[in-house]
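Taking it in order: structure first as structure tokens, then the write-up.
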Amino acid sequence: MKGIKAIFGALAVAGLLSFSFSANAQENGNRDENGKIVRGAYETNEFCDNWFVGVGAGINGAMPDLVKFDGYGLAVDAFVGKWLTPSVGARVGWKGLKNKTDEMGKFTQQYIHADALWNISNAFSGYKETRFWDVIPYASFGGLIADKNYEWVGGAGILNDFRLGGRVDLFVDLNVLLTKEAQYKRDGRFYMPFSATAGLIFNLGKTGFSRHTSVTPVVVPVPFTTEQYNALKAKVAALEAENAALKDKIAQLEARKPEVIVKEGKSIITPATLYFDFDKATLSEREKAHLEYFINNLPEDAAVEINGYADKTGNATYNQKLAERRAAAVKAIVEKAGVKVAACEGKGVTEAFGKAFKNRVATVKVAE
């Protein structure tokens, strides 16, 4: 019995210390050039992405009235879950626990549970798919059956996830529950079953999370030939030229003004194109200034049509809602300025404006 207690104690200490090791020793490389922790935004997590299943075994025990150790036995663990973000996930599972007490003799416990997972390694140190050790506290709730006695119980635990490869991880799960001692045919108030299991986690579907701002580094062979060096030099020159062209384009966009066309004696202002940041439906101060200029140059008593768009990144349904929100944001500013809105519509995904960042727009034009 002393040996079992020592094992549980060592595992508990390991769980409490794990965050310190994981957040510091393992994560020093997950930072930008300024030393700041790198975080999202992350691409849309589809339904089939980032699922996992786990199987394992270990030992369990219990403490009546939370003061002394009772029996112990074999624990079998199986679960399935999904990561919703790099830091938040959920799982459901089953634990089969064999135990022995003076009152009940040998008996089997069944614990069917649902858990809310919080990866504190990702939450505090930034997401890193290749991190060796992730520390995941969780809250647990479910039904416990002990020798045909059924009781709703709650508990908590720490799931330690050790990366073995892209698809397979090793886990050590420390769990404790709180239930009524009458569940175990005893006279006290509380009974605390706890378990320590270890096993394998298998990652299913698309694994990991991709940042929208992530850049894939160019891997240069070393040593490399003169031809490879010249090819790399030419590629760098082309990228520098493209970067210079983009800077010029940005400068042109910042300096642009709506063009006024005179037709049949009437001044008609050309459509205004207003750009949004990624996944945003609020205009920057610069774009608000462009819209204000457009409004101030409208013909008297003119009405406008507003259309919102999104780029093709992510889920189509979400992008439709985002386009509608962008159109609505422009409409609110236009109406506040006293201009009549003849039509306002979210058009959803478009590729009409070229590269992705150019398609995060709303257009405003004079209604026919």
Evaluate segment 271-340: find the radius of gyration of its Cα atoms, find its Kirkwood radius, and give the ratio Rg to Rh. 1.00
Over 18 Å between Cα atoms: which of K233/K358; K247/K358; K247/K347; K288/K355; K106/K148; K280/K340 fall into that group? K233/K358; K247/K347; K288/K355; K280/K340
Counting only protein heavy atoms and rolling a 1.4 Å probe, one gets per residue an accessible area for segment 279-353 in Å² of 57 Å²
Only loop residues by DSSP count here, and only those with at most 12 other Cβ atoms within 10 Å; note down the trypsin sites (Lys or Arg not before Pro) in segment 121-181 that meet that. K148, R167
With a cap of 15 neighbouring Cβ atoms within 10 Å, and only residues DSSP puts in a loop, list the GluC sites (Glu not before Pro) found in segment 318-354. E351
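The values are calculated or read from the model by the stated rules, or taken from the named source; none is laboratory data. Note that the coordinates shown come from a computational prediction; the quantities given were computed from them, not determined experimentally. Cβ sites come from the backbone with ideal geometry, for glycine too, and all protein chains shown count toward neighbours. Side chains are part of the model used for accessible areas, which takes the heavy atoms of the whole protein and leaves out ligands, DNA and RNA. Shrake-Rupley method; radii C 1.70, N 1.55, O 1.52, S 1.80 Å.
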